[in-house]
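Take a look at the structure below.
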Amino acid sequence: DITAQRVRELAPKGLILSGGPASVYAEGAPHCDPALFDLGIPVLGICYGMQLMCHALGGRVQGHPVREYGRAQCHVNAASSEANDLFAGVNHETQVWMSHGDQVDAVSDQFVSLATTDTCPFAAVKHRTRAIYGLQFHPEVTHTPEGKTILANFLKSVCGCSGTWRLG
């Protein structure tokens, strides 16, 4: 529920819109200020976050015939992965963890597909001109072995974070 103006004041290096069980069409579902996407701040939408982002930017979200929960084989588009920072160093065939009932069914012409699975034509997307990315799968879980690389790529390569903070 934060406004784009407040985000601008906080001046983050990037935004991550997290997953969740809601449907973007459900009454009372969380929605973000669409102006967030106009701030010039890199955005990564994960699962529901991707659906919300694509919906806000002209895409279509549909209920999947069967709720997906589990491992899936993700096919990273070789041409796209070489041209973007998100999948740098990630195998073109990689295991990911899906957990969703809805998924992005169509994207606006502002987006390109970066990866697919057998049941998900938009497993990963990127905005054509802005640093706005979406992942239908969950990179933050251990069941997505190369998820840490994807998240590190977003934080370091896309957002310009240094990664110098250490727990110790």
- Note on the structure: Only one of GLY89, GLY70 is of a type outside the set (Ser, Thr, Tyr) and under 25 Å from VAL24 (Cβ atoms), namely GLY70
- Message: Please go through (1) modelled with pLDDT of 95 or more; (2) crowded, with 18+ Cβ neighbours inside 10 Å for PHE122 and return the number of the only condition it doesn't satisfy.
- Response: (1)
- Tell me, please, whether a residue that is in contact with a Lys or Arg (Cβ under 7 Å, 6 or more places away or on another chain), crowded, with 23+ Cβ neighbours inside 10 Å and among the aromatic types (Phe, Trp, Tyr) can be found in the stretch 126-135. yes
- By residue number, the members of the stretch 80-131 that are assigned to a loop (DSSP other than H, G, I, E, B) and of a type in the set (A, V, I, L, M) are LEU86, ALA88, VAL90, VAL107, ALA123, ALA131
- Would you mind telling me which numbered condition in (1) part of a helix (DSSP H, G or I); (2) touching a Pro at 6+ places or on another chain (Cβ under 9 Å); (3) open to solvent by 40 Å² or more (accessible area, probe 1.4 Å) SER157 fails? (2)
- Query: Which of the following residues is open to solvent by less than 40 Å² (accessible area, probe 1.4 Å), in contact with a strand residue (DSSP E or B) (Cβ under 9 Å, 6 or more places away or on another chain) and at pLDDT below 90: GLY70, GLY45, GLY49?
  - Reply: GLY70
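So that you can scan it fast, the table gives a plain yes or no per residue for (1) surrounded by 14 or more Cβ atoms within 10 Å (Cβ to Cβ); (2) modelled with pLDDT under 90; (3) of a type outside the set (Phe, Trp, Tyr); (4) over 14 Å from PHE122 (Cβ atoms):
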| position | (1), (2), (3), (4) |
| --- | --- |
| GLY14 | yes, no, yes, yes |
| PRO21 | no, yes, yes, yes |
| ASP33 | yes, no, yes, yes |
| GLY58 | no, yes, yes, no |
| GLU93 | no, no, yes, yes |
- Task: Please tell me if PRO121 is out of contact with any strand residue (DSSP E or B) (no Cβ under 6 Å at 6 or more places or on another chain), within 13 Å of CYS74 (Cβ to Cβ) and either without any contact (Cβ under 8 Å) to a residue 40 or more places away in the chain or of a type in the set (Lys, Arg) (or both).
- Result: yes
- Task: Determine if the stretch 137-151 includes at least one residue that is open to solvent by less than 30 Å² (accessible area, probe 1.4 Å) and in a helix (DSSP H, G or I).
- Result: yes
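The values are calculated or read from the model by the stated rules, or taken from the named source; none is laboratory data. Since we're looking at a predicted model, the values are computed, not measured. No Cβ is skipped: glycine too gets one built from the backbone with ideal geometry, and neighbour counts run over all protein chains shown. Quick note on the areas: whole protein, heavy atoms, side chains included, nothing else; ligands and nucleic acids left out. Shrake-Rupley method; radii C 1.70, N 1.55, O 1.52, S 1.80 Å.
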